[in-house]
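Let me begin by presenting the structure, written as C-alpha cells, before commenting on it.
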Amino acid sequence: MLDIGAFRTRTCGGFSRRSFLQLASSLPLALALPAGATRAAQPIKAKSVIFVFLWGAPSHLDTCDPKPDAPAEYRGPFGVIPTRTPGVFFSELLPRIASRSDRFSLVRTHVTTAPGHPDAGTVALTGFAESPLPVQPNFGSIVARARGDQGGLPPFFSIARGVVMDGGRRIEGYGGGTLSHAYDPFLVGCSESGGVEFPALELLEGLNPLRIQDRRRLSTQLDSAMHRVEQDGQRMWTRKVQSAYDLLLNPAARQAFDLTRESDATRSRYGYTTFGQSSLLARRLVEAGVPYVQLNYSRHVEALNPGFEFGWDTHIYNFELLQDQLCPILDRAFTALLDDLYDRRLINDTLVVMMGEFGRTPKISFRAARDHWPGCYFSIWAGGGVEPGRVIGASDKRGEHPRDEPISPLMVGTTIAHLAGLDTQARAEMNVLSGGKVIDALL
C-alpha cells in the first residue's frame, strides 16, 4: 500500500500557506533534473547502487571482525563461525551472511576522521567533513547528476522515514550539497508491513494514487487544493510538484512501490520488519532502473532496548540488542536482498555496499557495552564490478587499528563513482571527490 496523506494540514481557512511551502521546499528538484545532466565518461559496471547504511555504527568485533583470541574485555560473549572464505570467521550472530561470503568481499580497515554521529555520517556519505558549508554531495547525488532521470523515476532514493537524523539533528551530507538541492534524494518510508510513504507528499487527505486511476479525478483534486493557496505558494507548487504529480500518475512507477505485488513467501524471506521490507523496496527500485538507492537501517541512531527497531548506537545493551534484534534482522534481510539480486540476474549490474559511519570500542565499556570508535571498522561489497570472495586488509589483534592500509570514506565514494562510470575527468568536471583513490583490491 502507498500512503500519501498521513498527516493533517487543514485549518479552518483551508490548506495553510505554510503546509504548501513546506511541501514545495522539501521535494527534491531531482524529480526534474536539468537537461544537461553530466553523463558517465567510462563503461558503467554498476548500473545501480544500493548503499546499505548501518546508521549508528555496528560493533565490528561482534559482527564481521571478531577477535576470539583477544582478552575477555575485548572479545565479548559471542562465539565465532567459519565463512565460505578460507580462514575468515564471523560472529555467530550472522550465520546467513557468513554462509554467503563467496558472494561478496569484505574490507576490514576502514577509518574515519569524525567521532560523532552527524559529523561522521556526513563523512561516511560524502567523503568530507561537515565544515565548511555547503557540504560536499552525497555519493548518491553524484551518481544522480551523472545519470539523470531513469524511466520516469528519480535517480536517487533514500529509504527511511524522513531524513536520517541523530535525535533532532540531520546528517548534513544527506543530499546534493555543492551540487545543489536539485540532487537531493527522493525520500521514501517503508513500514514493517510494507506500507510505502512519501514524506514530502503527505499533504492531501485521502489521496492515494494506487486507488486513484483516473487522471482527471486526481488532477481535479490537486487543482482544487492549489486554488486555496496564496500566489507564491501556488507558483512553488507548480514548479516543484508537477514532476512528482507525473510520477504518481505513471503506472509503472507506482508499481515499483507496491510491495503487495510480491509473493508472501518473498516478503517473508526479507522479514516483516522496517528494514526487511525496505530492503525489498530497494530491490524493486533497482529493477525499475533507479541508479542509486540509499537503504538506511533506521532513521535514528539510538539503540534503546529490545523490541524497537532503532539504529546501531549501542552504548548500553550492546550484546543484548545485537543478539535479540539488530543482527537477526540484518542477517535475514541482507541475505534475502543478496540472494534476490543473484537469482534475478541483477547482481552483475548492481553494486551493493554495506557499512556504518564508524566502529565501536574494542574494549568493553564500564556499562558492559561499546562506544564510538573511528579508528577501525568494516564494509561489505558485492556485485557491480567487485570481485567476490576477497578480504581486503586486517585489523590488529584487538581490533583497535588497521594492520594494513587504512581505507577512508573518500575512497569508498571514489570507488562507487568509478564503478558507476565516472572516471577521474568526469569527477573533476563535477568538482567532486577531489583527491579520492579507488580501492583497487576490490576490483
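The values are calculated or read from the model by the stated rules, or taken from the named source; none is laboratory data. In this text the structure is predicted, and so the values were computed from the model without any measurement. Here the Cβ positions follow ideal geometry from the backbone for every residue, glycine too, while neighbour counts run over all protein chains shown.
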Query raised in the report: Does the range 327-346 contain any residue that is under 21 Å from ILE171 (Cβ atoms), at pLDDT 95 or above and crowded, with 24+ Cβ neighbours inside 10 Å?
Result: yes
**Report entry** Counted residues, the range 118-154 - those being out of contact with any Leu (no Cβ under 7 Å at 6 or more places or on another chain), buried (at least 24 other Cβ atoms within 10 Å of the Cβ) and not hydrophobic (A, V, I, L, M, F, W, C)
**Finding:** 6
Requested in this report: Might you check whether a residue that is modelled with pLDDT of 95 or more, in contact with a Leu (Cβ under 9 Å, 6 or more places away or on another chain), among the aliphatic types (A, V, I, L, M) and buried (at least 20 other Cβ atoms within 10 Å of the Cβ) occurs anywhere in the range 297-319?
Outcome: no
Report summary line: Output for Cβ contacts, cut-off 6 Å, separation at least six or different chains, first residue at positive phi in the range 285-301, second surrounded by 24 or more Cβ atoms within 10 Å (Cβ to Cβ) and in a loop (DSSP other than H, G, I, E, B), reads SER298/TRP55; SER298/GLY311
Query raised in the report: Give me the pairs: first residue in the range 40-59 and over 26 Å from ALA160 (Cβ atoms), second residue part of a strand (DSSP E or B), beta-carbon distance under 8 Å, and six or more apart or on different chains, which are they?
Result: LYS45/LEU351
Report summary line: Pairs returned, first residue in the range 419-433 that is within 16 Å of LYS47 (Cα to Cα), second residue that is assigned to a helix (DSSP H, G or I), beta-carbon separation under 6 angstrom, 6 or more apart or interchain, are ALA420/VAL143; LEU422/ALA146
Query raised in the report: Looking at ARG370, ARG398, which one is assigned to a loop (DSSP other than H, G, I, E, B), farther than 26 Å from THR335 by Cβ and of a type in the set (Lys, Arg)?
Result: ARG398
Report summary line: Within the range 302-338, residues among the acidic types (Asp, Glu), in contact (Cβ under 8 Å) with a residue 60 or more places away in the chain and closer than 18 Å to HIS60 by Cα come out as GLU302, ASP313, ASP331
**Report entry** Of all residues making up the range 262-277, the number that are part of a loop (DSSP other than H, G, I, E, B) and surrounded by 18 or more Cβ atoms within 10 Å (Cβ to Cβ)
**Finding:** 3
Report summary line: Only one of LEU133, LEU125 is under 12 Å from the mean Cα position of the chain (by Cα), more than 11 Å from TYR292 (Cα to Cα) and either part of a loop (DSSP other than H, G, I, E, B) or among the hydrophobic types (A, V, I, L, M, F, W, C) (or both), namely LEU125
Report summary line: Scanning the range 352-390 residue by residue, the ones that are surrounded by fewer than 24 Cβ atoms within 10 Å (Cβ to Cβ) and touching a Gly at 6+ places or on another chain (Cβ under 6 Å) total 1
**Report entry** Matching residues, the range 99-118, being of a type outside the set (Gly, Ala, Ser) and modelled with pLDDT of 95 or more
**Finding:** ARG100, ASP102, ARG103, PHE104, LEU106, VAL107, ARG108, THR109, HIS110, VAL111, THR112
Query raised in the report: Can you name the residue in the range 359-413 that is in contact with a strand residue (DSSP E or B) (Cβ under 7 Å, 6 or more places away or on another chain) and of a type in the set (Phe, Trp, Tyr) and is also farthest from GLU130 (Cα to Cα) among such residues?
Result: TRP381
